[in-house]
Amino acid sequence: MTLRKKSAKAYAEIRGSDEYPDIKGKVEMNQMRRGVLVAAEIQGLPTNGEKCAEEIFAFHIHEGKSCSGNEKDPFADALGHYNPDGCPHPYHAGDLPPLFGSKNGYAYLSVFTNRFSLNEVIGRAIIIHARPDDFTTQPSGNAGEKIACGIIMPAFSHRRGR
């Protein structure tokens with residue numbers, strides 16, 4: 001069994017930008033013996049209404065430690081993808097698989113990664129982008145605007161309501 005008896009945990013409350021106020025959700029992370037288990041549950045994602053074209057959204061951990069920004073980029077302070085080893089995209093430590101939105105704007109993702117430890121990402125921003133990641137374009141995968149953001153926090157501060 002790979003779960004620790006007292007594994008470290010973290011979470012991020014996700015909120016959409018002013019242009020996407022319906023986006024909200026939670027990302028939970030659990031440190032395991034060989035990496036981190038990431039689970040995201042998001043609702044209110046934009047939909048296009050086409051039967052065979054549900055939306056796909058790039059999903060990344062960013063370098064920055066803030067979800068603030070400016071009129072042009074509401075989450076500009078999230079900075080670029082978390083990439084401590086200077087790897088090309090899509091091999092940044094913060095590159096995660098995309099969120100596949102459903103017809104009602106709901107997405108769920110669960111993934112295991114050993115690209116980072118929980119301690120390395122606590123305090124950093126996690127971003128949902130407007131478009132899917134093309135896994136090629138440098139440095140960000142041509143993922144489009146940042147539409148939602150949250151800050152990864154230790155789980156104990158969540159339990160206390162802080």
Cross-link candidates for K72: which aspartates and glutamates have Cα within less than 20 Å, leaving aside residues fewer than 8 places away along the same chain?
D18, E19, D22, E63, E145
Fully extended, how many nm does the chain gain between D18 and N48 (0.36 nm per residue separation, minus their Cα-Cα distance)?
8.9 nm
Surface per residue (accessible, 1.4 Å probe) for region 1-102, Å²
56
Test of understanding: what is the full-extension gain from N142 to C87, defined as 0.36 nm times their sequence separation minus their Cα-Cα distance?
18.2 nm
In region 1-150, carbon and sulfur make up what percent of the accessible area (probe 1.4 Å)?
49
Could you calculate the contour length gain from S68 to Y106, that is, 0.36 nm times the residue separation minus the distance between their Cα atoms, to one decimal place in nm?
11.2 nm
Which order do you get for E55, E50, E28 if you rank them by accessible area with a 1.4 Å probe, largest at the top?
E50, E28, E55
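The values are calculated or read from the model by the stated rules, or taken from the named source; none is laboratory data. No experiment lies behind these values; they were computed from the predicted model shown. Areas reflect the complete protein model, heavy atoms only, side chains present, ligands, DNA and RNA absent. Shrake-Rupley method; radii C 1.70, N 1.55, O 1.52, S 1.80 Å.
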